[in-house]
Amino acid sequence: MPFITVGTENSAPIDLYYEDHGSGQPIVLIHGFPFNGATWEKMSGPLLAAGYRVITYDRRGFGNSAQPGFGYDYDTFAADLDVLMTELDLRNAILVGHSMGTGEVTRYLGAYGSNRVDRAVLMAPLAPFLLKTADDPQGVEKSIFEGFQKAIIDDRFAFLTQFCNNFFNWDENKGKVVSEEAYRAHWEIGARASAKGTHDSVDAWQTDFRNDVPNIDVPVLIIQGDRDNVLPYPVTGQRLAPMLRDGKLVTLAGAPHGTPWTHPTEVNKAIMEFIGAPAMARA
């Protein structure tokens, strides 16, 4: 399995697992919490068929990557992405993030610029700022995040069940756009993640991206369901779109947070149109 080393912890390397398939313009798919690159399977196949080079990787602490005891913040996550982009010498790349993965895209473009990037897709974004503060009154109360972290410490596996329920809007979508087997598979992927990484990532969700957004100088597509029960649509995607220099918002009516799995047809169509593969979008 291919790995890229992004640092060390004591005597051990911090390695990121990645997959690199196909040829053509590179597309980097960055997964959501608490999953891994395998959850992109309904996107990666069509993108490969359309003639793109598709790269997925597992964030530190998740999937097959190393599980260090530190580094679960967006400065570090973006630095990890920069190592991947540099080591693979990716140019004219399309960055696609879902949920927590949108934080890497936003911070990377804000801090490292767009020299290697052609455009970006943010699916259910964290930006601009999720936390409620004096200068961000429409955000989410800090007590909610503290409750998540307490639940993770008390019983991480029970927390994952509740998270998957909200990820898929399980009560209304089970047996329709998501099967019980797919639900279980996502839960099991999340259960294999680092306990500390799972806990500390909740702090990362509270990152303020408002200084990054003005530095994004590439076209950005936002895709989000208006029934997102993980990242509230009015606070995130709907709010972010007009803040971007060149942003487009595609709203999926009735869709939950986990659209890469529940609404792949609509998501693939929007992405293909945005990246310039109209024939594949029509298909």
Listed by first then second residue, the pairs whose first member lies in the stretch 190-203 and is touching a residue at least 12 places away in the same chain (Cβ under 8 Å), whose partner is surrounded by 14 or more Cβ atoms within 10 Å (Cβ to Cβ) and of a type in the set (Gly, Ala, Ser), with beta carbons under 6 Å and at least 6 positions apart or on separate chains, are SER194/GLY61; GLY197/GLY61
Does the stretch 103-114 include one or more residues that are more than 27 Å from PRO232 (Cβ to Cβ) and touching a strand residue (DSSP E or B) at 6+ places or on another chain (Cβ under 8 Å)? no
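Answer with yes or no whether PRO256 is in contact with a strand residue (DSSP E or B) (Cβ under 6 Å, 6 or more places away or on another chain), touching a residue at least 60 places away in the same chain (Cβ under 8 Å) and closer than 24 Å to ASP75 by Cα.
Numbers: in contact with a strand residue (DSSP E or B) (Cβ under 6 Å, 6 or more places away or on another chain): yes; touching a residue at least 60 places away in the same chain (Cβ under 8 Å): yes; closer than 24 Å to ASP75 by Cα: no.
No.
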GLY51, sole failed condition from (1) touching a Lys or Arg at 6+ places or on another chain (Cβ under 9 Å); (2) surrounded by fewer than 16 Cβ atoms within 10 Å (Cβ to Cβ): (1)
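Could you grab me the full set of residues in the stretch 29-48 that are surrounded by fewer than 19 Cβ atoms within 10 Å (Cβ to Cβ) and either in contact with a Phe, Trp or Tyr (Cβ under 9 Å, 6 or more places away or on another chain) or modelled with pLDDT under 95 (or both)?
GLU41, LYS42
Each row is one residue, and each column tells you yes or no for (1) touching a Lys or Arg at 6+ places or on another chain (Cβ under 8 Å); (2) of a type in the set (Lys, Arg).
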residue: LYS142; (1), (2): yes, yes
residue: PHE145; (1), (2): no, no
residue: LEU160; (1), (2): no, no
residue: LYS176; (1), (2): no, yes
residue: ARG210; (1), (2): no, yes
residue: LEU221; (1), (2): yes, no
Considering only residues that are within 19 Å of LEU130 (Cα to Cα) and either part of a helix (DSSP H, G or I) or free of Cβ contacts under 8 Å to residues at least 40 places away in the same chain (or both), which ones fall in the stretch 217-246? ASP226, TYR233, GLY237, GLN238, ARG239, LEU240, ALA241, PRO242, MET243, LEU244
What tally of residues in the stretch 1-28 results from selecting those that are surrounded by 17 or more Cβ atoms within 10 Å (Cβ to Cβ) and either under 17 Å from THR198 (Cβ atoms) or aliphatic (A, V, I, L, M) (or both)? 6
Could you list, in sequence order, the residues of the stretch 46-86 that are more than 19 Å from the chain's Cα centre (by Cα) and assigned to a loop (DSSP other than H, G, I, E, B)? ALA50, GLY51, TYR52, PRO68, GLY69, PHE70
For ASP89, state whether it is surrounded by fewer than 23 Cβ atoms within 10 Å (Cβ to Cβ) and in a strand (DSSP E or B). no
If I filter the stretch 95-108 down to residues being more than 8 Å from the chain's Cα centre (by Cα) and closer than 12 Å to PHE77 by Cα, which single residue comes out as surrounded by the fewest Cβ atoms within 10 Å (Cβ to Cβ)? ARG107
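Could you pull out every one of the helices (runs of 4 or more DSSP H) wholly within the stretch 99-216 that has 2 or more residues that are over 25 Å from VAL267 (Cα atoms) and either modelled with pLDDT of 95 or more or among the hydroxyl-bearing types (Ser, Thr, Tyr) (or both)?
In the stretch 99-216, 100-112, 142-168, 195-204 are the helices (runs of 4 or more DSSP H) which contain 2 or more residues that are over 25 Å from VAL267 (Cα atoms) and either modelled with pLDDT of 95 or more or among the hydroxyl-bearing types (Ser, Thr, Tyr) (or both).
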Which of the residues belonging to the stretch 201-238 are of a type in the set (D, E, K, R) and surrounded by 18 or more Cβ atoms within 10 Å (Cβ to Cβ)? ASP212, ASP228
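The values are calculated or read from the model by the stated rules, or taken from the named source; none is laboratory data. What you see is a predicted model; the values in this text were computed from it and never measured. As a convention, Cβ positions derive from the backbone with ideal geometry for all residues, glycine included, and neighbour counts pool all protein chains shown.
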